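The values are calculated or read from the model by the stated rules, or taken from the named source; none is laboratory data. Remember, predicted model here, so these are calculated numbers, not experimental data. Glycine also receives a Cβ, built like all others from the backbone with ideal geometry; neighbour counts cover every protein chain displayed. Keep in mind that these areas ignore ligands, DNA and RNA; they rest on the heavy atoms of the full protein, side chains included. Shrake-Rupley method; radii C 1.70, N 1.55, O 1.52, S 1.80 Å.
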Amino acid sequence: MLVKTYAAAVQGISATLITIEVDCSKGVHFSIIGLPDVAVRESHDRIISAIRAGGHKFPNQHIVINMAPADIRKEGSAYDLPLAIGTMAGAGYISSERLGDFLIMGELSLDGSLLPIKGALPIALYAREAGFKGFILPKQNVYEAAVVDGLNVYGMEHIKDVIEFMNGQAEFIPTTVDTEADFFSQHCLFEHDFSDVRGQESVKRALEVAAAGGHNILIVGPPGSGKSMLAKRVPSILPPLTLQESLETTKIHSVAGKMPVTSLMAQRPFRSPHHTISNVAMVGGGSFPQPGEISLAHNGVLFLDELPEFNRNVLEVLRQPLEDRTISISRARYSVEYPAGFMLVTSMNPCPCGYYNHPDRACICLPGSVQKYMNRISGPLLDRIDIQIEVVPVPFEKMSERRPSEPSASVRERVVKARAVQAERFKELPGIYCNAQMTPRLLQEYVIPDEAGSERLNKAMTKLNLSARAYDRILKVSRTIADLEAAPTVTATHIAEAISYRNLDRDSWGR
């Protein structure tokens, strides 16, 4: 008897239909064809044990399973359940009438219970698009998949539940999720807040400007000056995620198997990989393709602490996704593309000993070592960082103040207003969402300083020996500063503040 069940393979953050054809005839044999990997071939033993746990004897027949299309590699144990259901339907244990209505995924334990899978959300989205009436999957993934409207999502705990459901012996109620209520209820729940930070007003202002314009930022300062503390609070001042952004971000974390407890991610991700991270872990890929840190930070913040300590090759792979907001990974067996639109926040010591330019402690580094330390970061990468700000230790008087600092909510309100101005400005330009993404042509159109501003920029370029790459960055940042004030024109004041955020471009730095 030939029957078909339906599953899905995740490629990138999208899903593709996998048709599982099961043919049962006389004989004693079991084989799986259609480019299965080792985990899929091993499912034979799990299926035998699970079927017995479900109260049935494994059929002693000639069983051939074909997983089509054969040119897509089938990876992982999430095919256990559709393979088992197909086998039982081919043997006559399950009615095959309703098999075509459902997409089925799930890993089987030896006792027949269902274990969670990766990529439930993109598979559920595909199931709706493909016209399936329902999606059967492990109960642990049900809230993740139930986000998709217009699809009946059934969370099952044991293979017995699936057998009874297919035979009409038991009814299960589809899981529903009030997506908007669940999403908006967590919008403003942040672990870290700027009200905890004492002093550092200039750095907090720089972070506000960076958040308002989507600018990448580098924080330079001695150990213990609060660089990491400040960086961890950046998500709390970024604009709230939209439902569309949340769905896209959740899909990436679903594919990576890093889903939060809730059904949708309501807060922007904050990723902080260690400096020993490899190229593959940063960009994604591997034997079984997975999103890397830059994709897990999509629509959020990627924080690189102690930037010069990262492997040079790891830093260089950031250049393309910083420009394109996507990362394409091509290997011999596959080619996938992941979104990678993140805000880069970095920090570093100013020198090997950490005390160059410190107000109280002397730097003990050898001559030339400060510049050598800075050279660990390539010019092209620095070229993609719009704001470079120095931070100094907070005096005791500031640290001991009992009066709380300005909360993140107040800063966020100003950031949201500035982003609204930019959204209106770039509404006719697809792919441009904030000032940081402006091209040289757009700079000439939207950033025209007044006479005093042009004069101040000219003097700064000459007297401070600023590099050529600083010119465009200053214009972009000055436009954001003007947007925060709702000013239609970039003035000398805006230019002056933007110039103060280009510390490392001065020829005197480190000499």
Residue 249 versus (1) of a type in the set (Val, Ile, Thr); (2) touching a strand residue (DSSP E or B) at 6+ places or on another chain (Cβ under 6 Å); (3) under 23 Å from residue 212 (Cβ atoms): which is the lone unmet condition?
(2)
Could you say whether any residue in segment 86-109 is open to solvent by 30 Å² or more (accessible area, probe 1.4 Å), among the charged types (D, E, K, R), closer than 16 Å to residue 165 by Cα and in a loop (DSSP other than H, G, I, E, B)?
yes
If you check residue 462 against the conditions, is it open to solvent by 10 Å² or more (accessible area, probe 1.4 Å), over 23 Å from residue 412 (Cβ atoms) and at pLDDT 90 or above?
no
Scope segment 45-75; condition in contact with a strand residue (DSSP E or B) (Cβ under 6 Å, 6 or more places away or on another chain) and outside any loop (DSSP other than H, G, I, E, B); matching residues
46, 50, 62, 63, 64, 65, 66, 67, 68, 74
Counting just the residues of segment 18-33 that are surrounded by 14 or more Cβ atoms within 10 Å (Cβ to Cβ) and within 19 Å of residue 1 (Cβ to Cβ), which one comes out farthest from the chain's Cα centre (by Cα)?
24
Residue check: is residue 133 touching a residue at least 40 places away in the same chain (Cβ under 8 Å) and in contact with a helix residue (DSSP H, G or I) (Cβ under 9 Å, 6 or more places away or on another chain)?
no
Read through the list (1) at negative phi; (2) not in a strand (DSSP E or B), then give the number of the only condition that residue 224 fails.
(1)
Out of 124, 70, 53, I need the residue that is hydrophobic (A, V, I, L, M, F, W, C), closer than 17 Å to residue 139 by Cβ and open to solvent by 10 Å² or more (accessible area, probe 1.4 Å). Which one?
53
Going residue by residue through segment 485-496, is there one that turns out to be closer than 19 Å to residue 390 by Cα and either open to solvent by 10 Å² or more (accessible area, probe 1.4 Å) or hydroxyl-bearing (Ser, Thr, Tyr) (or both)?
yes
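From the list 352, 393, 359, 404, pick out the single residue that is open to solvent by 70 Å² or more (accessible area, probe 1.4 Å), modelled with pLDDT under 85 and closer than 22 Å to residue 218 by Cβ.
Just a single option satisfies the conditions, and that option is 359.
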Provide a single number: the residues in segment 411-424 that are surrounded by fewer than 15 Cβ atoms within 10 Å (Cβ to Cβ) and touching a Ser or Thr at 6+ places or on another chain (Cβ under 9 Å).
0
Screening 92, 100, 168 for residues that are modelled with pLDDT of 90 or more and out of contact with any helix residue (DSSP H, G or I) (no Cβ under 8 Å at 6 or more places or on another chain) leaves only 100
Within segment 286-299, which residues are over 30 Å from residue 352 (Cα atoms), open to solvent by less than 10 Å² (accessible area, probe 1.4 Å) and touching a Lys or Arg at 6+ places or on another chain (Cβ under 8 Å)?
296
Could you please give the count of residues in segment 136-157 that are surrounded by fewer than 19 Cβ atoms within 10 Å (Cβ to Cβ) and either charged (D, E, K, R) or touching a residue at least 40 places away in the same chain (Cβ under 8 Å) (or both)?
3
Looking at 277, 217, 252, can you tell me which residue is touching a residue at least 40 places away in the same chain (Cβ under 8 Å) and either open to solvent by 10 Å² or more (accessible area, probe 1.4 Å) or within 20 Å of residue 412 (Cβ to Cβ) (or both)?
217
Over segment 470-481, the set of residues out of contact with any Pro (no Cβ under 9 Å at 6 or more places or on another chain) and open to solvent by 50 Å² or more (accessible area, probe 1.4 Å) is 471
Of the candidates 452, 436, 420, the one satisfying the condition of being within 30 Å of residue 371 (Cβ to Cβ) and in a helix (DSSP H, G or I) is 436
Where in segment 236-317 are there helices (runs of 4 or more DSSP H), lying fully within it, with 3 or more residues that are under 9 Å from the mean Cα position of the chain (by Cα) and β-branched (Val, Ile, Thr)?
243-256
